[in-house]
Amino acid sequence: MMKPINGPVLSDALDMLVKSPLNQADDSALVCAAKAVWYSDTSLVGEVKAFLEVHSSEVELRRAGYLLERFTRFSCATDSRVVEVLKVLELFQAAASKQEVKRQGTVALGSRRDELAVSWGLSEGLGLKAQALMPFQTRHYEAEQRSVSA
């Protein structure tokens with residue numbers, strides 16, 4: 001049974017994640033942030049405002065924006081939650097706006113870059129850390145979470 005979410009779970013997880021390069025992210029904080037976006041009913045606007053009140057570092061804001069947008073790219077994110085995340089990302093625009101990124105074209109596998117990270121002005125993305133999220137985006141896990149919250 002899923003426990004109700006108390007307090008600013010997303011902003012607390014983002015707080016931990018943005019302090020170091022994302023490819024070195026703490027798996028449990030990453031999972032916590034992703035689940036808060038994908039499966040909780042908490043207001044993302046409130047969570048992001050709480051986060052923005054204590055963070056002014058441009059790099060930290062870019063990392064948080066990147067993570068939120070990256071979470072929308074997983075199939076378990078509902079359309080309504082994606083729309084909510086995209087609205088919340090507007091709160092980041094003043095301090096850490098995205099950049100236009102020129103596509104690389106065909107490149108060797110080892111030379112690939114995270115275009116979304118680059119668009120946020122970051123030199124690092126999640127990389128292989130995204131694998132920690134795999135068990136939480138399966139259809140079975142998603143159905144289980146949605147049935148508990150219904």
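The values are calculated or read from the model by the stated rules, or taken from the named source; none is laboratory data. Everything numeric in this text was worked out from a predicted model, so none of it was measured. Heads up, the Cβs are rebuilt from the backbone with ideal geometry, glycines too, and the neighbour counts pull from every protein chain shown.
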Subject >> region 60-78, subset out of contact with any helix residue (DSSP H, G or I) (no Cβ under 7 Å at 6 or more places or on another chain) and among the charged types (D, E, K, R), residue surrounded by the fewest Cβ atoms within 10 Å (Cβ to Cβ) >> reply: ARG73
Original post:
Of the residues that sit in region 110-130 and are under 14 Å from the mean Cα position of the chain (by Cα) and assigned to a helix (DSSP H, G or I), which one is farthest from ALA25 (Cα to Cα)?
Top reply: LEU116
Original post:
Of ARG81, ARG73, which residue is part of a helix (DSSP H, G or I) and not hydrophobic (A, V, I, L, M, F, W, C)?
Top reply: ARG81
Original post:
Which residues, taken from region 16-49, are of a type in the set (Asp, Glu) and at pLDDT 95 or above?
Top reply: ASP26, ASP27
Original post:
What residue, of ARG146, ARG103, is more than 16 Å from ARG63 (Cβ to Cβ), modelled with pLDDT under 90, surrounded by fewer than 10 Cβ atoms within 10 Å (Cβ to Cβ) and among the charged types (D, E, K, R)?
Top reply: ARG103
